[in-house]
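Since the structure comes first, as structure tokens, the remarks are kept for the end.
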Amino acid sequence: MASRKLVIIVAVIIGIPVLLVGGTLLLVKVLVTPEMIRKSVLPRVEKVVHRRIEMADAGIGLFSGITLRNLKVYEKDGSGPFVSLGEARLHYQLLPLLSRRVVVDEIVLDTPGVHVVRNPDGSFNFSDLLRRAKLEETPTGEDKTPLTLAVARIAVKDGEISYEDRKAGTGRPFVYKAQDIDIDITDFTPDRPFTADLSVTVSGAHLAFSGSVARITDGPDLDGQVTVDCRDLAKLATGLPQGVAEKLSSLSPSGALSAKMRVSGALKTPFAMLKGGEVRLEKVGIAAAGQRPVLTGRFDLVGGTLVSRDLAVESGKNRLSLLLKTSPLDRKPLGVELNASSDSLDLDSMFPAKKAAGPKSSATPGGKRSGPGPLKLPFFMNGAVNVKNAGFKGLALSGLSLRYQLSDNVLRIEQFRGSTAGGSFLDSARINLGTPGFSYSTTLSLQGVQAEKLVSVFAPKAAGSFSGILSLKADISGSGTAPEAVKRNLTGSGSFDVRNGRLTGSGFMSELARFLGSEELRVVRFSSFAGTYRITGGQVLLDSALDGSDVRMKPKGRIGLDKSLDMTIDTRIAPRITGRVARGSVGSFITDEQGWGVLPLKATGTVGSPRFSLSGKGVGRQIGEKLGETLRKNLQKDAGTGQKKETPGLGDTIRGIFGK
């Protein structure tokens, strides 16, 4: 009897909670229906968010959780969905709620969509929600029992975020989409690390993260692997934000890129969190200066530094092998060492001839210079370039070696040397990129170079007019990149020496031959042509001497960078030509003791179309010197004979000078 009563008591004790729970479940099933949610719950939420909400169906269980299907939260103006969900499932545990612990077994969002809009005034379509949330924050100091949250699994499947920028001001808003969003988070608690797998597709590029996340309230900190896989850079560029896409459109990027990176650290310091990995480039190309160089190879991230592997750039038939290494990426300024080498380069294809353009001014109407710069580069560089053989407009170059350094916005060419045209060259330069229009200086020397080959390349209109073995030294400086600025600011000095050469052509020499009346002087051969020069005020100030078998000249004066001429040329004609030169425009020659005809000439006009005349000052000096010499010889002759003769008049002496 006693045992029967005990069974009844136990049954009652167990049965009451069961009945209570069962009744509660029945009430939930009966009272909390989809229709009740639509009529009672959704209107209250709509009043809070000031947005219309629609829901197709709902499933609710006290233990099984809540399922909402085809949920849509519309824009404030009702124009379209702001947030949409194909299905949302929340599976939670009931008992922990009694101790203010929210323990959720699973939250799943299936095919969610979010439409973000930036309005013309810079606000967003959710800005009002942020303001409302801030006003409803719990006041500081209010005593409130903390609520802890733990979720065993959070999943997002096939999500999409659409960003519409109406502030761009181009008339048509820019739309940017992130698609195929998949997220899988396990063991989520706000104050402890949790594992996460995330992936998203942006304009054809697939991005993913797998690892752990911590400190989400003041971080976050990531520890895991990031992967990037972009098979079409052209597609990626068109899908980027409008300002970026417009800048990239002129480069027309192409090719494929992939990366695997090991990350650990705070997201707010992205370079410091990179611990290792690799980036692969597959025929990554851009359009630049009429060319389309293509980059292929790999970068390895080792100890925070980037190192290239099998990296090469190709453009047409040209190929440069590259070796790059950086300082730690989180160090400022960033240091880069870049070396390049090639067996053979066709410089003509790398630097195609530019179409003629109209003159450009280096100044704006307000008087301010409009040249490039100043630049403020956030890195420094150094390295070397070595090329075994190269060709430029028919000119062969070999053994090219260049060392450079870029720091504090100043590019220094420490040494650039090589061989060409039977000789060699050595150059050093300095370019200040931190000044408006840039400033530059260079020191150049040429040794034993065949001048005619240089002329045909750098002055093709004068090809064949000048030859010889050239040695040259030049120290030149200037600023500006526009032609007029270069001419105005260029200064320098130097010397030259040409051996065993020839002067000819349809310009300067042909006009000189015509003026002197001698076809033989259309071609002047010389053993030496040497001198010095200074560059200032848009002019080259020349002081030189040419020594030939038929002609000796001392050109001295001004050659403008605009090709204008203003020079005196002390010219001497060999005896064998002096007697055959026509007396027409030049008249009779004054001859020296060796019988060379002496002509003080003046050259004006331009280099291509010179005008020659006798220098009045030079002629007067020459006549004075010759007259004095003739009178001295006559007096010496009289003194030697001891006979007194009638002194010849001045006219007779002048006529004797000219052989008349």
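The values are calculated or read from the model by the stated rules, or taken from the named source; none is laboratory data. Small disclaimer: the values here were computed from a predicted structure and weren't measured. Cβ coordinates were reconstructed from backbone atoms using ideal geometry, including for glycine residues, and neighbour counts include every protein chain displayed. All accessible areas refer to the heavy atoms of the entire protein, side chains included, with ligands and DNA or RNA removed. Shrake-Rupley method; radii C 1.70, N 1.55, O 1.52, S 1.80 Å.
Numbers for the structure displayed
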{"read-out": "For the stretch 465-504, Kirkwood radius (reciprocal of mean inverse C-alpha pair distance, Å)", "value": "12.1 Å"}
{"read-out": "Within the accessible area of the stretch 541-582 (1.4 Å probe), percent carbon and sulfur", "value": "52 percent"}
{"read-out": "Centre separation in Å (Cα based) which lies between the stretch 149-199 and the stretch 499-518", "value": "80 Å"}
{"read-out": "Per residue value of the accessible surface for the stretch 466-599 (all protein chains in place, 1.4 Å probe), Å²", "value": "47 Å²"}
{"read-out": "S471 accessible area, 1.4 Å probe, all protein chains in place, Å² to nearest 10", "value": "40 Å²"}
{"read-out": "Inter-label distance for S210 and V410, nm, one decimal - labels placed 7 Å from Cα along Cα-to-Cβ", "value": "5.1 nm"}
{"read-out": "Solvent-accessible area of R331 with every protein chain in place, 1.4 Å probe, in Å² to the nearest 10", "value": "130 Å²"}
{"read-out": "Modelled FRET efficiency - R0 45 Å, A459 with K235, Cβ distances, 0.05 increments", "value": "0.40"}
{"read-out": "K47 paired with T189, simple spin-label distance in nm, labels 7 Å along Cα-to-beta-carbon", "value": "3.8 nm"}
{"read-out": "Dimensionless Rg/Rh of the stretch 418-470 - Kirkwood Rh, Rg from C-alpha atoms", "value": "1.14"}
{"read-out": "Residues V116 and S250, FRET efficiency given R0 of 30 Å [Cβ-Cβ distance, rounded to 0.05]", "value": "0.55"}
{"read-out": "Accessible-area value, R118, 1.4 Å probe, nucleic acids and ligands omitted, Å²", "value": "60 Å²"}
{"read-out": "Charged-residue dipole, Cβ positions (Lys, Arg, Asp, Glu), the stretch 423-541 about Cα centre, Debye nearest 20", "value": "20 debye"}
{"read-out": "Whichever aspartates and glutamates have a C-alpha closer than 18 Å to that of K453, once near sequence neighbours (fewer than 8 apart) are set aside", "value": "D346, D348, D497"}
{"read-out": "Rounded percent of accessible protein surface that carbon and sulfur make up, the stretch 437-497, 1.4 Å probe", "value": "62 percent"}
{"read-out": "At most 11 other Cβ within 10 Å, DSSP loop - trypsin sites (Lys or Arg not before Pro), the stretch 178-268", "value": "K268"}
{"read-out": "Whole-Å distance, taken between Cα centres, linking the stretch 472-491 and the stretch 251-275", "value": "43 Å"}
{"read-out": "Exposure rank, largest accessible area first [Y74, Y163; 1.4 Å]", "value": "Y163, Y74"}
{"read-out": "Entries in K487/K554; K461/K556; K317/K393; K283/K317; K317/K388 that, when Cα-Cα distance is taken, lie over 18 Å", "value": "K487/K554; K461/K556"}
